[in-house]
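The values are calculated or read from the model by the stated rules, or taken from the named source; none is laboratory data. Bear in mind that the values here come from a model prediction, so they are computed numbers and not experimental data. Note: ideal-geometry Cβ built from the backbone for every residue, glycine included; neighbour counts use all protein chains shown. Side chains included, ligands, DNA and RNA excluded: accessible areas come from the protein's heavy atoms. Shrake-Rupley method; radii C 1.70, N 1.55, O 1.52, S 1.80 Å.
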Amino acid sequence: MENRPLDILNGSLNTPVIVRLKGAREFRGELQGYDVHMNLVLDKAEEIRDGESVRKMGSVVIRGDNVVYVSP
Amino acid sequence: MENRPLDILNGSLNTPVIVRLKGAREFRGELQGYDVHMNLVLDKAEEIRDGESVRKMGSVVIRGDNVVYVSP
Amino acid sequence: MENRPLDILNGSLNTPVIVRLKGAREFRGELQGYDVHMNLVLDKAEEIRDGESVRKMGSVVIRGDNVVYVSP
Amino acid sequence: MENRPLDILNGSLNTPVIVRLKGAREFRGELQGYDVHMNLVLDKAEEIRDGESVRKMGSVVIRGDNVVYVSP
Amino acid sequence: MENRPLDILNGSLNTPVIVRLKGAREFRGELQGYDVHMNLVLDKAEEIRDGESVRKMGSVVIRGDNVVYVSP
Amino acid sequence: MENRPLDILNGSLNTPVIVRLKGAREFRGELQGYDVHMNLVLDKAEEIRDGESVRKMGSVVIRGDNVVYVSP
Amino acid sequence: MENRPLDILNGSLNTPVIVRLKGAREFRGELQGYDVHMNLVLDKAEEIRDGESVRKMGSVVIRGDNVVYVSP
C-alpha cells in the first residue's frame, strides 16, 4: 500500500473532502480530479467562510498553490 | 472521461466561468483559452469587486498565479 | 484560430493594452513584446494609480510575475 | 547512516510528528507519507491553534509549501 | 528588429535606466548587465525613496524577483 | 578550499549553528544534514523567539524556503 | 570584460560588500562565495538594522531569495 501524498488523493477520488486554502477559505465537495501541482477538481462544491457556506458551485477547479491541506 | 484540472478547463471552453483571484477580485466571462500555468483567456469579461461590476472588457488574459479557483 | 494566452498577447502586438499589476498599479501603452513568463514591453507607456496618470515613459519592461491581467 | 532532510522524514514514518505551518497553524499526527516537495500525509491528525486543538481529522494531506518545520 | 523583454534590456546596456522594485524602492543608474532572471547590474547607481536619493553606490547587483519594471 | 554556500553548510555538519527564519523565528542546534533547497536537519534544536527559548526538540527538519540565513 | 550579475559577484570575491535583504535587514561583510540562486557566503559579517549593528558573525550563509541587492 502506498501512502504518498498523491496516492492519498488518488484514493480519495469520488469521495467527500475538506480543502483548506490560504486566507481562511475552505471548500467541501467530492474530489473528482487532481494533478501533480495539487490543482484539484471538486464536484458539488461549497465554499465555507468562518464556518458558514457562502457559495455553492456545481464544480470548481482549485489552483494548487492556494491549498494548505486536503482532508479525506 | 477525464476529470483532471486541465481537462475540466478544456471542457469549459466557450462557456461562462467564474474566476476568483487572490485579493477579493473576481472575473466572469467566457473561457476562450488556457495553458498549463492556468493562465486564462476570457471573452466578454467583467471584473467584479464586492459583488459589483467595476470594469467590462472585451477580452482579458489573466496570469495563472493570481487564480484561486475557476468555476464552470 | 488559436486562443491560448500567449496567442492573444501575440495578436495584440502593436496595439494599445491595459496591464493591471499587483498592488493597485496599472499601465497603459502599446504592447511591443512579451515572453513566456509574461514579461511585457510597452511603448508610449503611462503608469496609472487610482485612475490618475502618475508617470509617462517612452518604453517600459514589466516583469511578468507582477502581472494580474492584460486586456487588449 | 543518512541525515539528509528526506532521510529524516523517511525514518519518521509511522511515528508521531509535530508539523509547524506558516501562520501559527500546527498539526500533530502520525507521519504516513511524504514526497520531495515536503508534501506530507498525517494520520490521526489534529490541528492546533495557540496550543488548543481546533480540529481532529482521520487523515490529512498537507501541501509542502506551507511547512515551516517537521519535528519527529 | 526584436522587441522581446530581454532584447530591450540588451538595447539599453550602457544607458541610464529607472528600475522600480517592489515596496516603493527605486534605482537609477546605467545598465551594465542582466540575465534571464532579470537580475540587473547598475553602475553609478542611486537608490530613491519617495522621490529622494537615499544612497549612492558605485555599482549594484539587483536580484530580479524584486523588479516591477525597468524603464530605459 | 571551496567557499560556495553549500560547501559552508557541508563544513558545518555536526557543529552548532544559528538558523534565522522569516518572521522573527530562530533555531539553534547542531547541523545534521541539508540538501540543495537548503532544507536543514538540526539536532538538539531549540526554537528562539525574541531572544527566549520557546521550544526544545530532539531533532527538526526545517523547510529551506523559510531560511533567511545560517550562521556556523 | 563581462558585466552579467554573477560576473560582478565573482569579481567581488574577497572584498567587502553590502547585502540588502527584504524586510529592512542588511548585512556587511566580505563576500566569500555565491551560487546561481544568489545564495551568498559572507565572512566577518555584521547584521545591520536601521543603521545599527545588531549582531556580528564570523561567517554567514544567506539564502538568495531574501536578497534585494548586493553592492560591492
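Just going by the charge dipole of the protein assembly as shown, with Lys and Arg at +1 and Asp and Glu at -1 on Cβ, which of A:Gln32, F:Phe27, D:Pro16 is farthest out on the positive end?
F:Phe27
Hey, got the dipole for the range B:5-71? About the Cα centre, +1 on K and R Cβ, -1 on D and E Cβ, debye to the nearest 20?
With only Lys, Arg, Asp and Glu charged at Cβ, the dipole is about 180 debye.
If I take the rotation axis that carries chain B onto chain A, which residue of chain B has the nearest beta-carbon, and at how many angstrom?
B:Asp65, 8
Treating the beta-carbon of each Lys and Arg as +1 and of each Asp and Glu as -1, no other charges, what is the dipole magnitude of the protein assembly as shown about its Cα centre, to the nearest 20 debye? Could you put the intermediate results ahead of the total?
Details: 70 positive and 77 negative charges, 227 e Å.
Here the size comes out at about 1100 debye.
Once you have the alpha carbon radius of gyration of the range D:5-71, what is it after dividing by 2.2 N^0.38 Å, with N set to its residue count? It would help to have the intermediate numbers written out before the result.
Details: Rg = 10.8 Å, N = 67, 2.2 N^0.38 = 10.9 Å.
The value comes to 0.99.
With solvent modelled as a 1.4 Å probe, how much accessible area in total do chains C and E shield from it at their shared surface, in Å² to the nearest 100?
Counting both chains, the buried surface is close to 1600 Å².
Which of the lysines could a cross-linker span from D:Lys44 if the Cα-Cα distance has to be under 19 Å and same-chain partners fewer than 8 positions apart are dropped?
Partners within reach: D:Lys56.
I'd like the GluC sites (Glu not before Pro) in chain D restricted to DSSP loop residues with at most 12 other Cβ atoms within 10 Å, sorted by number.
Answer by residue number: D:Glu2.
Give me the compactness ratio for the protein assembly as shown, meaning the Cα radius of gyration over 2.2 N^0.38 Å.
Computed over Cα atoms of the protein assembly as shown, the ratio equals 1.03.
Just to verify a number: what accessible area does E:Ile18 come out at with the full protein assembly present, 1.4 Å probe, Å² rounded to tens?
Approximately 40 Å² for this residue.
If you plug each phi of the range E:56-62 into the Karplus form 6.51 cos²θ - 1.76 cosθ + 1.60 with θ = phi - 60°, what whole-Hz ³J(HN,Hα) values come out, in order, with x for Gly and Pro?
10, 9, x, 8, 8, 9, 9
Report the accessible area of F:His37, computed with a 1.4 Å probe over the heavy atoms of all protein chains in place, in Å² rounded to the nearest 10.
F:His37 has an accessible surface of roughly 100 Å² with all protein chains in place.
Label 7 Å along Cα→Cβ of E:Glu2; the range E:19-43 residues with amide nitrogen under 17 Å?
Taking a point 7 Å out along Cα→Cβ of E:Glu2, the residues of the range E:19-43 whose backbone N falls under 17 Å are E:33-39.
Filter the trypsin sites (Lys or Arg not before Pro) in chain F to those in DSSP coil with at most 16 other Cβ atoms within 10 Å of their Cβ, and list the result.
Those that pass, being in a loop and sparsely packed, are F:Lys22.
Go ahead and set up a Gaussian network model of chain A, Cα springs under 10 Å, then flag whichever of A:Val36, A:Val61, A:Val19 fluctuates most.
A:Val36
Between chain F and the range A:6-53, how many Å separate their Cα centres?
Distance between centres, Cα-based: 34 Å.
For chain C, what does the relative contact order come out to in percent, with C-alpha contacts under 8 Å and a separation of six or more?
Answer for chain C is 30 percent.
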